[in-house]
Structure formats: structure tokens, C-alpha cells
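The values are calculated or read from the model by the stated rules, or taken from the named source; none is laboratory data. Since we're looking at a predicted model, the values are computed, not measured. All Cβ positions, even for glycine, are placed from backbone atoms using ideal geometry, and neighbour counts span all protein chains on display.
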Amino acid sequence: MSLSKQHELHERRYGRNVGVGLVLVGLIAIVFGLTVVKVTRGDYETPATTSVSQ
Amino acid sequence: MTDTSINTQSLSAENDAQFSDYFALLKPRVMTLVVFTAFVGLLAAPNAVHPFVGFCAILFIAIGGGASGALNMWWDADIDAVMKRTQRRPIPSGKVTGDEAFAIGMALSAFSVVFLGLATNWFAAGLLAFTIFFYVVIYTMWLKRWTPQNIVIGGAAGAFPPMIGWAAATGGVSVESVLMFCLTFMWTPPHFWALALFMRKDYDNADVPMLTVTHGRRATRNHILVYTVLLAILAVAAGFTSIGGPVYIVTSVVLNAMFLVGAYRIWRRDEDMSEEDNFLAERKFFKLSLLYLFAHFGAILIEAGLDKIGVWG
């Protein structure tokens, strides 16, 4: 069997592979989006130190 | 062993699982209810949530619900194979193996809980973890095959999503979120018992101790009426808390009146009357129950929207 020929199994599992690929892309988008939201609204900023004058 | 003899089972075309078969493991229809009620819980909460964080919270709650569905299918594959309603599910149809369903269920459970915690707060994540545990271990593994009150207890698992949505926004629980929980919790028994009345052969064959099998169909009709009365009181009372308002109260009064009439009709009938019209009243009641829950949560959603734009001052 030549390497260039598409095996029947690949054709049959095309839909499944595309589905898994889209899920992974979605996961990346979610992690990226959450990171952007959390960083831009300051969730991870270190609290400012305040000096108390006496 | 030649290459062609390796794992021939997984290469056979007829049992090859498609992506949709794995998705079906997550019980998409149940997921719609989870998504909708969690969304309402999140929006009805007094705290505003960033839209993207809110979207992620709903997604992770839905994935957690789906994961518990996959674990339920893994454990209940023997029952599903017997019941007509569930015979075409991925495991009994041979598309997905039980081990695969277990692995997917466990992985998605862990993923959904951790990511909900990271996206919102760990109280909401803990509540989601408890919901998955409750549905899979307490309901599916323990009580479903043991007590005729299985539906009552199982209903609790389905009732948690609005509480989780509320917790994702506020970081805690309140009277309102408990009332939203109670609404689904009290709705589940009449909804499923009506189904059990007209899908009777299924539960008999599967040997699941449904109320119809253990205590008889007359007792089931009585139970439907009692639960519907209790549900009506609770549903209307919720209208007088901060999640309620004129829209909710009108919706609730109308739907509960219809639901009570339906329950009364079921209670009044005996088996001969039901057989005569092929369980028409029971089927109507079941259909109405679907509208009932969606309309109640829809009304809470409308009230939350009106509140946010300041319609009621």
C-alpha cells in the first residue's frame, strides 16, 4: 500500500478527528479568553501596600 | 500477528463511534435544562458577572452535568439495554465501550470542576463536584435500584444547576437560590411519574423500583397529586422573593392552575380509563411539565432582565 493513499479508516474517522480538533481549539480559546479577562480586570494584581501615617 | 489482525474490533465499520456518539454520552437534552437553569441562576443573582466569565461558568456547569450523564450511562448500561427509551444510547448500541464512557466521564468531571473554580470561585466548583458525586454515587449507584423514592432523590441532582449559577456569581447560597433548587426538585417527581405511567413496560422490564412497580399505579397517581399541590405552593411563594415579580407571579399562577388540573385528572382516572385513550391525560401532563419548568425559569430570567434595566424601579 502506498503511503499517499488515504486509508479507509481515516475517511471513516474524519468527522471524529475534526470534532476533537474543534474541541481542542475551543479549549485554547477559553483559556486564552479567561486569562485576558482576569488579567485586564486586575484579578492577579498584588495588593498595594498602604502606609499608615501617625 | 499481522498488522491487519491488530485490534480488528476497533476497525470494524458498523461499530465505529462518531463524534456525535461521544457527545450523546453527555445527555444533550438533559444538558439543555442544566444550561438554561444555570444561566437563570447566574443572571438572577444580584452580582454582575463579566459576560465571558459567565459564558465559561455556564459551559463548565454544562460539561459537569454532561460528565455525570456519561458516568450514569457507564453504570446503567445494563438497564439501558433493556429499556426501549434508552436502547439506542451509545453503550447499549455498541458504539462506545463502558470503559470509554467511564474515562470520558471522569476526565470531564475533573476538568469542569477545576475550570469552574478557576473561572469563578471554589464554592461554586465544590457545589458542582458535589452535584456530580450526588448524581453518580448517591443516585445512580445507590438509590436508583434500591428505593421507589429514587426519582425524588435523583431530582435533587438536576436541581443544583441554578444554585451553582447563583454561587458562581455571588460565591454563596441564599433563600432565592434554594427556592430555585426546590422548584426543580419538587417538579421532578410528578414529571417522571407521569412518564412512568405511560412508559410502564420499560420500568417493569428493567427491574428498576419505580413507584408504579413497587406501590402500584394508584399510589403513583396519588403521589403525583400531592407533589403537584406542594410544588404549586412553593412555586407561587417564590414570586414574593427578590427573584419574583409581576411577570413571574402571573406565569406561575396560570401554569400551576393548569398543572393542578392535570394532576387532578390523572388522580381521578383509573387504569381502564387511561387504557381507553392511550394515557392521553398522562401524556398531556408530561408535555405540560416541560413547559412548566421552562416557563418558570423563563419568567425568573425576564424579571432579572427587567430588574437590571430598572423597570420595577
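Screening B:F130 with (1) more than 30 Å from B:F52 (Cα to Cα); (2) surrounded by fewer than 17 Cβ atoms within 10 Å (Cβ to Cβ); (3) of a type in the set (A, V, I, L, M, F, W, C) gives one miss only, at (1).
Only one of the listed residues (B:N47, B:N72) is part of a helix (DSSP H, G or I), in contact with a helix residue (DSSP H, G or I) (Cβ under 7 Å, 6 or more places away or on another chain) and not β-branched (V, I, T). That residue is B:N72. Take the conditions (1) modelled with pLDDT of 95 or more; (2) surrounded by fewer than 23 Cβ atoms within 10 Å (Cβ to Cβ); B:A48 misses just one of them, which is (1).
Do we have B:A124 as more than 28 Å from B:A219 (Cβ to Cβ), crowded, with 16+ Cβ neighbours inside 10 Å and within 20 Å of the chain's Cα centre (by Cα) here?
Working: more than 28 Å from B:A219 (Cβ to Cβ): yes; crowded, with 16+ Cβ neighbours inside 10 Å: yes; within 20 Å of the chain's Cα centre (by Cα): yes.
Answer is yes for this residue.
When the stretch B:198-229 is filtered for residues that are under 19 Å from the mean Cα position of the chain (by Cα) and under 14 Å from B:A263 (Cβ atoms), the ones remaining, listed by number, are B:I224, B:Y227, B:T228.
Screening B:I309 on (1) more than 25 Å from B:R218 (Cα to Cα); (2) surrounded by fewer than 14 Cβ atoms within 10 Å (Cβ to Cβ); (3) at pLDDT 95 or above shows it passes everything except condition (3).
Only one entry in B:R269, B:R218 is more than 21 Å from B:T184 (Cβ to Cβ), modelled with pLDDT under 95, of a type in the set (K, R) and exposed (fewer than 15 other Cβ atoms within 10 Å of the Cβ), namely B:R218. Just give me the residues in the stretch B:94-115 being under 22 Å from the mean Cα position of the chain (by Cα) and hydroxyl-bearing (S, T, Y), in sequence order. Scanning the stretch B:94-115 gives B:S109, B:S112. Here is the figure for the stretch B:65-102: residues that are within 14 Å of chain A (Cβ to nearest Cβ) and surrounded by fewer than 20 Cβ atoms within 10 Å (Cβ to Cβ) total 1. Evaluate the following for B:Y227: is it among the aromatic types (F, W, Y) and farther than 25 Å from B:W146 by Cα? Against the criterion (among the aromatic types (F, W, Y) and farther than 25 Å from B:W146 by Cα), B:Y227 does not qualify. The selection criterion, being surrounded by fewer than 19 Cβ atoms within 10 Å (Cβ to Cβ), in contact (Cβ under 8 Å) with a residue 24 or more places away in the chain and assigned to a helix (DSSP H, G or I), does not hold for B:A263. Whenever a residue of the stretch B:148-172 is surrounded by fewer than 24 Cβ atoms within 10 Å (Cβ to Cβ), its partners that are among the basic types (K, R), lying with C-beta atoms within less than 8 angstrom and at least six residues away or across chains, give the pairs B:N150/B:K144; B:G154/B:K144. Just wondering, is there one or more residues in the stretch B:116-131 that are part of a helix (DSSP H, G or I) and β-branched (V, I, T)? Yes, some residue in the stretch B:116-131 is part of a helix (DSSP H, G or I) and β-branched (V, I, T). For the condition within 14 Å of chain A (Cβ to nearest Cβ), of a type in the set (F, W, Y) and touching a residue at least 40 places away in the same chain (Cβ under 8 Å), B:F19 does not qualify. Listed by first and then second residue, the pairs with beta-carbon distance under 8 Å, at least 6 apart or on different chains, first residue in the stretch B:43-64 and more than 10 Å from chain A (Cβ to nearest Cβ), second not in a helix (DSSP H, G or I), are B:A44/B:I243; B:P46/B:S242; B:V49/B:T120; B:A57/B:V49; B:A57/B:T120; B:I63/B:L26.
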